[in-house]
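None of the figures in this text is laboratory data; all of them are computed from the coordinates on show. It should be emphasised that the depicted structure is a prediction, and the values quoted were computed from it without experimental measurement.
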Ligand code: FES
């Protein structure tokens, strides 16, 4: 049986083949792992944040597909030099998808995962720092965060999915 390749545009393919900022960051200020309930893939985001809350560097590790590697790569480029507040407000999965020239609709969730991991990292930064969250950070999880589950939550969801139906 042959598989029909997805219609990725050249920018996605280029970022997939030559991703920027791929790899672990040893001196990261915050690290967030996020998994996607739609496909079970995981990514890790590493952010180096200055005392002025500016993102100095960002890297990622991805166990996802080409679309996820490409969107994660472009997110790490887009957020460099932004304050956490600007990154939080301006980086949406729609904007990221536009920035890479579009994705097949079945791959939208892969970009959502990249942005969800970023948002989880920003939220985690304030949790770990203590002293309360800033006024611009909503108490409720955003759409992207809800679609980017923590490792344990993802494992639970997936194991539920794998359990055989209870006999009636
Ligand atoms: S299919 Fe899982 S991240 Fe793309």
Item to check | Convex hull (Cα only) mean projected area of the stretch 113-164, reported in nm² to one decimal | outcome: 4.2 nm²
Next on the checklist: Please give the Cα centre distance for the stretch 1-41 versus the stretch 129-162, rounded to the nearest Å.
Outcome noted: 20 Å
Checklist outcome for this item: Shape call for the stretch 44-106, from the Cα gyration tensor axes a ≥ b ≥ c (a/c under 1.5 means rounded, otherwise prolate when a/b beats b/c, else oblate), comes out oblate
Item to check | Anisotropy class of the stretch 1-70 from Cα gyration tensor, a/c 1.5 cut | outcome: prolate
Checklist outcome for this item: One can check that the equivalent ellipsoid of the chain, built from the alpha-carbon gyration tensor with semi-axes equal to the square roots of five times its eigenvalues, has lengths in Å, largest first, of 26, 22, 14
